[in-house]
Amino acid sequence: MSNEVYDEFCKASIPDLTQLDRQLLGHYCARYNEDVNPPRAWPSRAELMRITGACDKSISRSLGRLTKRTLMYRVTLASKTRGLKAEFAINRPLIKSYIQVTE
């Protein structure tokens with residue numbers, strides 16, 4: 001099954017992203033679900049740490065940089081008492097704007 005959002009991310013040439021920023025954004029694009037309301041992605045921190053090999057603080061800083069650049073935005077906040085994970089949505093129009101077609 002093809003993931004259109006991840007394909008768009010791979011085609012995009014987004015400047016000034018660190019390797020961790022690119023890994024996290026790619027992972028969120030791959031896990032992005034547009035069929036739910038509101039559209040969002042919600043991989044766990046433990047999964048992100050395992051896949052990237054980065055510590056929790058580095059992942060937190062990288063997510064902050066991605067939200068500051070509006071490549072992603074928060075849909076919900078994490079809550080330990082209610083057992084909720086932080087959910088983010090991808091700014092798909094912005095990612096599409098970085099796709100450059102060359103001949």
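The values are calculated or read from the model by the stated rules, or taken from the named source; none is laboratory data. Keep in mind that what you see is a predicted model, and the values were worked out from it rather than measured. Virtual Cβ from ideal backbone geometry, glycine too; neighbours counted across all protein chains shown. Heads up: the accessible areas ignore ligands, DNA and RNA and are worked out on the full protein's heavy atoms, side chains in. Shrake-Rupley method; radii C 1.70, N 1.55, O 1.52, S 1.80 Å.
Quick look at the numbers
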{"item": "Single condition Arg22 does not satisfy, out of (1) surrounded by 12 or more Cβ atoms within 10 Å (Cβ to Cβ); (2) more than 10 Å from the chain's Cα centre (by Cα); (3) more than 17 Å from Glu87 (Cα to Cα)", "result": "(2)"}
{"item": "The stretch 29-76, residues that are among the hydroxyl-bearing types (Ser, Thr, Tyr), within 12 Å of Ala86 (Cα to Cα) and either at pLDDT 90 or above or touching a His at 6+ places or on another chain (Cβ under 9 Å) (or both)", "result": "Ser60, Tyr73"}
{"item": "Top-ranked residue of the stretch 1-17 - restricted to ones that are loosely packed, with under 13 Cβ neighbours inside 10 Å and hydroxyl-bearing (Ser, Thr, Tyr), ranked as nearest to the chain's Cα centre (by Cα)", "result": "Ser13"}
{"item": "Residues of the stretch 51-60 satisfying the condition of being open to solvent by less than 60 Å² (accessible area, probe 1.4 Å) and part of a loop (DSSP other than H, G, I, E, B)", "result": "Ala54"}
{"item": "Some residue of the stretch 33-45 being assigned to a helix (DSSP H, G or I) and either of a type in the set (S, T, N, Q) or open to solvent by 60 Å² or more (accessible area, probe 1.4 Å) (or both)", "result": "yes"}
{"item": "Residues located in the stretch 40-55, provided they are closer than 15 Å to Asp21 by Cβ, more than 14 Å from the chain's Cα centre (by Cα) and not hydrophobic (A, V, I, L, M, F, W, C)", "result": "Gly53"}
{"item": "Looking only at the stretch 66-88, and only at residues there that are of a type in the set (A, V, I, L, M), surrounded by 14 or more Cβ atoms within 10 Å (Cβ to Cβ) and in a loop (DSSP other than H, G, I, E, B), the one that is farthest from the chain's Cα centre (by Cα)", "result": "Ala78"}
{"item": "The listed residue being under 11 Å from Phe88 (Cα atoms) and either of a type in the set (A, V, I, L, M) or outside any loop (DSSP other than H, G, I, E, B) (or both), out of Leu17, Leu63, Leu24, Leu48", "result": "Leu63"}
{"item": "Those residues of the stretch 58-103 which are in contact (Cβ under 8 Å) with a residue 12 or more places away in the chain, under 15 Å from Pro43 (Cα atoms) and not polar (S, T, N, Q), in sequence order", "result": "Ile59, Leu63, Met72, Tyr73, Arg74, Val75, Lys85, Ala86, Glu87, Phe88, Ala89, Ile90"}
